[in-house]
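In what follows, a single structure is set out as structure tokens and then discussed.
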Amino acid sequence: MNFNFNVPSKVIFENGCSIAVAEVIHEIQAKRVFIVYDKGIKSAGIADKIIAPVEKAGIKVTHFTGVHPNPSIENVEEGYKVAAVADTDAIIAIGGGSSMDCAKAINILLTNPGSIKDYEGRGKVKNKTKPLIAIPTTAGTGSEVTAFTIITDTERQRKMIIAGENCGADIALVDPALTIGLPPAITAATGMDALTHAIEAFVSKNASIPSNIHALKAMELIVGNLEEAVKNGTNLKARGNMMLGSLLAGIAFNQAGLGLAHAIAHPLGSRFGVAHGVANAIGLPYVVNYNSGLESVKEKHMEIASAMNIDTEKKSVDVISEELVSTIVKLSSAIDIPALRGLGITKEDLENIAVEALKENSMKFTPRNASLEELKELLLSIYNEDPLIEKVY
């Protein structure tokens, strides 16, 4: 098997490692840092805990707290203007995927001319960026280890994917303790996002042995710990396993790509503001069921089922695929993932969502190709909450 595999960032995984960020800044010899986070991270007390040691060490700090969910081109340009005036040596991103995406895009503009729109696609960021330290506060996106940034073009109502060299973080400080106190709904949504990353990476046309190894371990950790992390948010072991699962899933999809669930999720986010993890969770069991129409995918479902601790002994591949879908449905139900029809979306919106989904880059990697009509039917099934497998209900 041929493959091209890399991870853009050095990873430090340890409870409490986030408060050692001043030491990391000294190691990279930065004197002025630009710190990107949102107001929620500030109000939760997370930002102050991380930033205080940095300021105490005499490092000049410029704050940007204007990160929006699903950050837009305008949001990035606003941050870039602040960062450019600050003459920053390095960037620190604290938060979930939105903060990290925004920070990555700002970092691109600091050393590359023009608008962030100029860099949509892969391999267009030519100039080396400034050192970026990513400190995730959710177990979901895996953005700390991916060479992607996803920015919303509000004019086109489309999420742009900017990927390749100079698009990732240089150092990831992965501190599971930061997720203690994360609200159950956010824990659930981000956890299902990570599970979607792992499953879609594993069945991707671009999967490889290294990405498969990371994806399977991620599935094992996420399915074994997500419900506990949602219902008992102070369980540090469950939180740590979720953080590790998210990290491994990020490493997997950074190489393998994603699939149809993400293709659907992106227009749901850019057009209707649906949280990315929620959008993925809603579509995931239907996409898994749809992909099981390929025998080659059913074979992969056997490995996924084993990773999820589903008994596969003396069962056909058809039954195993059914039980896999059932497991995902039950997990989503247990952690209160909402239904699509309750998120302000109408049946009339489904065709536009289908059209936009087919334009998504992740459709290149999804194992089973879908026509517009098939995708509209799939979205209608999701909207109507059609039973996937009779025994599940």
Please count how many residues of the range 104-126 are among the hydroxyl-bearing types (Ser, Thr, Tyr) and in a loop (DSSP other than H, G, I, E, B). 1
Checking THR196 against (1) touching a residue at least 12 places away in the same chain (Cβ under 8 Å); (2) in the same structural domain as ALA334 (by TED's automatic domain parsing); (3) surrounded by fewer than 24 Cβ atoms within 10 Å (Cβ to Cβ), which single condition isn't satisfied? (3)
So ALA185 fits all but one of (1) surrounded by fewer than 24 Cβ atoms within 10 Å (Cβ to Cβ); (2) part of a helix (DSSP H, G or I); (3) more than 16 Å from the chain's Cα centre (by Cα); what number is the exception? (3)
Within the range 53-73, work out how many residues are more than 21 Å from the chain's Cα centre (by Cα) and either of a type in the set (A, V, I, L, M) or surrounded by 15 or more Cβ atoms within 10 Å (Cβ to Cβ) (or both). 9
Tell me, please, whether a residue that is more than 27 Å from VAL274 (Cβ to Cβ) and of a type in the set (Val, Ile, Thr) can be found in the range 73-87. yes
The range 16-52, residues that are buried (at least 18 other Cβ atoms within 10 Å of the Cβ) and of a type in the set (Ser, Thr, Tyr): SER18, TYR37
Keeping to the range 305-346, report how many residues are touching a Ser or Thr at 6+ places or on another chain (Cβ under 8 Å), assigned to a helix (DSSP H, G or I) and hydroxyl-bearing (Ser, Thr, Tyr). 2
Specify the residue that is surrounded by the fewest Cβ atoms within 10 Å (Cβ to Cβ); the eligible residues are those in the range 341-369 that are small (Gly, Ala, Ser) and farther than 16 Å from ARG156 by Cα. GLY342
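Can you name every one of the helices (runs of 4 or more DSSP H) wholly within the range 33-87 that holds 3 or more residues which are within 18 Å of THR152 (Cβ to Cβ)?
73-86
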Does at least one position in the range 370-390 carry a residue that is in contact with an Asp or Glu (Cβ under 6 Å, 6 or more places away or on another chain), in a loop (DSSP other than H, G, I, E, B) and surrounded by 13 or more Cβ atoms within 10 Å (Cβ to Cβ)? yes
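Answer yes or no as to whether VAL274 is assigned to a loop (DSSP other than H, G, I, E, B) and surrounded by 21 or more Cβ atoms within 10 Å (Cβ to Cβ). Steps first, answer last, please.
On the way: assigned to a loop (DSSP other than H, G, I, E, B): yes; surrounded by 21 or more Cβ atoms within 10 Å (Cβ to Cβ): yes.
So VAL274 passes the test.
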Name the residue that is surrounded by the fewest Cβ atoms within 10 Å (Cβ to Cβ), counting only residues in the range 81-103 that are modelled with pLDDT under 95 and of a type in the set (Ser, Thr, Tyr). THR88
VAL76 at pLDDT below 95, under 16 Å from PHE148 (Cβ atoms) and under 23 Å from the mean Cα position of the chain (by Cα): no
Of the conditions (1) under 17 Å from the mean Cα position of the chain (by Cα); (2) outside the structural domain of ALA105 (by TED's automatic domain parsing); (3) not basic (Lys, Arg), PRO210 satisfies every one except a single condition; which number is it? (1)
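Conditions (1) touching a residue at least 40 places away in the same chain (Cβ under 8 Å); (2) closer than 29 Å to PRO267 by Cα, marked per residue:
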site	(1), (2)
SER296	yes, yes
ASN309	yes, no
SER316	no, no
VAL319	no, no
LYS330	yes, yes
SER333	no, yes
ARG341	yes, yes
For the structure I just gave you, tell me whether THR129 is among the β-branched types (Val, Ile, Thr), surrounded by fewer than 24 Cβ atoms within 10 Å (Cβ to Cβ) and assigned to a loop (DSSP other than H, G, I, E, B). yes
Assess whether LYS314 counts as being farther than 30 Å from ILE162 by Cβ and not aliphatic (A, V, I, L, M). yes
When only residues in the range 231-268 that are of a type in the set (A, V, I, L, M, F, W, C) and surrounded by fewer than 24 Cβ atoms within 10 Å (Cβ to Cβ) count, which is nearest to the chain's Cα centre (by Cα)? LEU244
Given (1) out of contact with any Leu (no Cβ under 8 Å at 6 or more places or on another chain); (2) assigned to a loop (DSSP other than H, G, I, E, B); (3) modelled with pLDDT under 95; (4) farther than 23 Å from ALA201 by Cβ, where does THR141 come up short, assuming only one miss? (4)
Is there a residue in the range 339-358 that is modelled with pLDDT under 95 and under 29 Å from LYS217 (Cβ atoms)? no
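The values are calculated or read from the model by the stated rules, or taken from the named source; none is laboratory data. Keep in mind that this is a model prediction, so the values were computed, not measured. Every residue, glycine among them, receives a Cβ derived from its backbone with ideal geometry; neighbour counts consider all protein chains shown.
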